[in-house]
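Down below is the structure, laid out as structure tokens.
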Amino acid sequence: MNVSPEKKSFKTYMADESSPSSFARYLDGELWETKDTLREEISQGEVFQRSSYGLTLDQNRDLTVERLKYMLTRPIMRHHLQDQMKEKQPGFITKSMVITELICSADMGTGVKLGVVCGLFGGAVNNLGSPEQKETWYLPVTDLEFTGMFAMTERGHGSNVRGILTEAIYEPSTQEFIIHTTCDDAQKMYIGNAMKGNYAAVFAQLIINRESQGPHCFIVPIRDSHGVLNSGVTVVDMKHKEGLHGVDNGILIFNNVRIPRENLLSKFGCVLGLAVQAMAAMKLGLIIAVRYSHSRRQFGPKDQEEVKIIEHQTQYLRLMPHLSAALALTFTTRFAGRMMDHALCKGEVLQNNSSLQALVAGLKAYSTWENMACLQECRECTGGMGFMMENRISALKCDSDAFVTFEGDNVVMLQVVVKELMTQYSKQLGKSVFGGFIKTWTSSVSDSFRTSFLGLNVDTVGDLRFLLKALSYRERVLLRSLAARLYAKVEKNKQEFFDAWNCCLHHVTCLALAHIHRVTLEQFALAIQECPVEDHTLLSKFCLLHGTSLVYQERAWYLEHNYLTPTTSRQIRTQLLELCSSVKDVALKVVSDFNVPPCCIQAPIAGVPNPRADWAFHSQPEYPIRASKL
């Protein structure tokens, strides 16, 4: 590319795939070789070179199935899925997160479909099944003999699994379970892979001698290898959705379907994958928006060249906090994955580790909400171009919108976080009256949250420790005040606990998010300590920006509690503006170091040629030399 004399201070920035930067390697983590292998496999896959735009619903679904089959036949995937059958496999969850992020970057529908078939159905079999059941129902999935689905949600019950209405009545004389949809509200809804899957992991109330034994999981055959539905099974195609058109969602209805006793899984899932999927969508949106912002020009000083839109304060103020949040989530999800791998290698049952469950639930809620906010800003910051489907952002929004309610509404997820926080708080109170009260509605656990408090008594707004201390203070005050409110309502005013809890739900969600905000900033701070020396300054600025943004969002609360003075609040705002301005140029390097292949980015406005939309193409932006001084 010819560089004009007046632009000698700039160079064209393109990711060098043969020699990624130290920062790119650090973002990839210890499994960077796995990521590189997956990037190569995806880039070479003809099915990922095809566009889904303009396809009919059935064609879109067929393309997604082709992509799924392509990925399942890759050696790296086959080895990983076979490892899923092994117990105490080191690093399995961390590797699963890496695979999920890369496939979702290529196509969100394929990533979700893989999650349904191998994560939800396969996870149900592996987590709840005996070795024999794993051999029967999971190994064939890895060999593409059949695929499965996960049937928990009903028309009348989503997050409240204990209230599901589908029944599995045990008949001793035949040693069979009779799976039955008892009413319209018991119909299984939004079931992924419903139109193509062969088996379903169905959650139903186990009925023995006319008494419910609670929800259990059963493997129910849906259709044979030729696609013919089994007797007593009805499937209704839910057809068009806002997004994820390649995922065939449907309704399952069972009319006294008999299954053998062995189909009861004898020994549940994790929502961490959704946090990773949301993070993948965020990164793609930011790559597209940041690149476009560095190439598109609009307005400027009189009689001078128009400036890049990234130079406009409102542009970098909208994008840079989300970029810092994406980095924070990268390190926090990695931390959560390691903790889960560690627990598994110790032989723990993840479903019994309430502190980890709470951490993951909180991450799911925060990341999926943050993703939607981020993609909306990316859409607006790219103007009309961002509204065009060819430029990916609108599709990413539609595809990932479902994540905020997948596997449980986010508000319900946050309640899981707070119940665990209250359990830990009751332990600190020991045998006090309030401690005993809390223990009556939460189960005791042995592990505490594995997050380290780094905040010290400092008063400098520009110091990361000040921000850590502020976030910790907010969490602590919200926790103590919620405990006091619940105690007063239940113990003193004799309210039913449900009513008392319901009256405090806004308080509950604020507390849960305060906790997750602190965890993300702490993990970001810890990541700085381990990063390559040459990337320390860059990462420190983004970490400071993430903390500043979190405090800025809640400045009204801090002012109400006299934690910030009006002067300090204004300093926080000024710091946010200055940090966003200082990282706007190096942001181009950061999004490049996400190391996403062009076939996954696809967007012409991000410098990826697309013959279907020549009118949208913008060349790769020029990377300011001044940014390399960070």
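The values are calculated or read from the model by the stated rules, or taken from the named source; none is laboratory data. This structure is a prediction, so every number in the text was calculated from the model and none was measured. All Cβ positions, glycine included, derive from the backbone under ideal geometry; neighbour counts span all protein chains shown. The protein model used for the area step is the full one, side chains on, heavy atoms only, and it has no ligands, DNA or RNA in it. Shrake-Rupley method; radii C 1.70, N 1.55, O 1.52, S 1.80 Å.
Quick notes on this structure:
- Among the criteria (1) open to solvent by 20 Å² or more (accessible area, probe 1.4 Å); (2) under 28 Å from the mean Cα position of the chain (by Cα); (3) not aromatic (Phe, Trp, Tyr), the one ALA488 does not fulfil is (2).
- The set of residues in the stretch 210-240 being open to solvent by 70 Å² or more (accessible area, probe 1.4 Å), out of contact with any strand residue (DSSP E or B) (no Cβ under 8 Å at 6 or more places or on another chain) and either of a type outside the set (A, V, I, L, M, F, W, C) or over 24 Å from GLY122 (Cβ atoms) (or both) consists of ARG210, GLU211, SER225, HIS226, LYS239, HIS240.
- Among (1) surrounded by 23 or more Cβ atoms within 10 Å (Cβ to Cβ); (2) closer than 28 Å to ARG392 by Cβ; (3) of a type in the set (A, V, I, L, M), the one test that VAL608 misses: (1)
- Applying the criterion of at least 1 residues that are within 25 Å of the chain's Cα centre (by Cα) and surrounded by fewer than 16 Cβ atoms within 10 Å (Cβ to Cβ) to the helices (runs of 4 or more DSSP H) found wholly in the stretch 502-572 leaves 505-530, 536-553.
- Residue in the stretch 163-193 that is modelled with the lowest pLDDT, counting only those that are open to solvent by less than 30 Å² (accessible area, probe 1.4 Å) and in a loop (DSSP other than H, G, I, E, B): ILE164
- Looking only at the stretch 330-349, and only at residues there that are more than 16 Å from LYS95 (Cβ to Cβ) and of a type outside the set (A, V, I, L, M), the one that is most open to solvent (accessible area, probe 1.4 Å): LYS346
- Qualifying position, being surrounded by 19 or more Cβ atoms within 10 Å (Cβ to Cβ) and among the β-branched types (Val, Ile, Thr), among ILE259, ILE207: ILE259
- Subset of the stretch 368-411 that is among the β-branched types (Val, Ile, Thr), part of a helix (DSSP H, G or I) and open to solvent by 10 Å² or more (accessible area, probe 1.4 Å) - its residue that is nearest to ALA325 (Cα to Cα): VAL404
- Failed criterion for ASN160 (all others in (1) under 24 Å from the mean Cα position of the chain (by Cα); (2) open to solvent by less than 60 Å² (accessible area, probe 1.4 Å) hold): (2)
- Scoring PHE449 on the criteria (1) surrounded by fewer than 16 Cβ atoms within 10 Å (Cβ to Cβ); (2) at pLDDT below 90; (3) within 25 Å of the chain's Cα centre (by Cα) leaves a single failure, condition (1).
- Within the stretch 40-56, being open to solvent by less than 20 Å² (accessible area, probe 1.4 Å) and either among the β-branched types (Val, Ile, Thr) or under 23 Å from the mean Cα position of the chain (by Cα) (or both) holds for ILE42, VAL47, PHE48.
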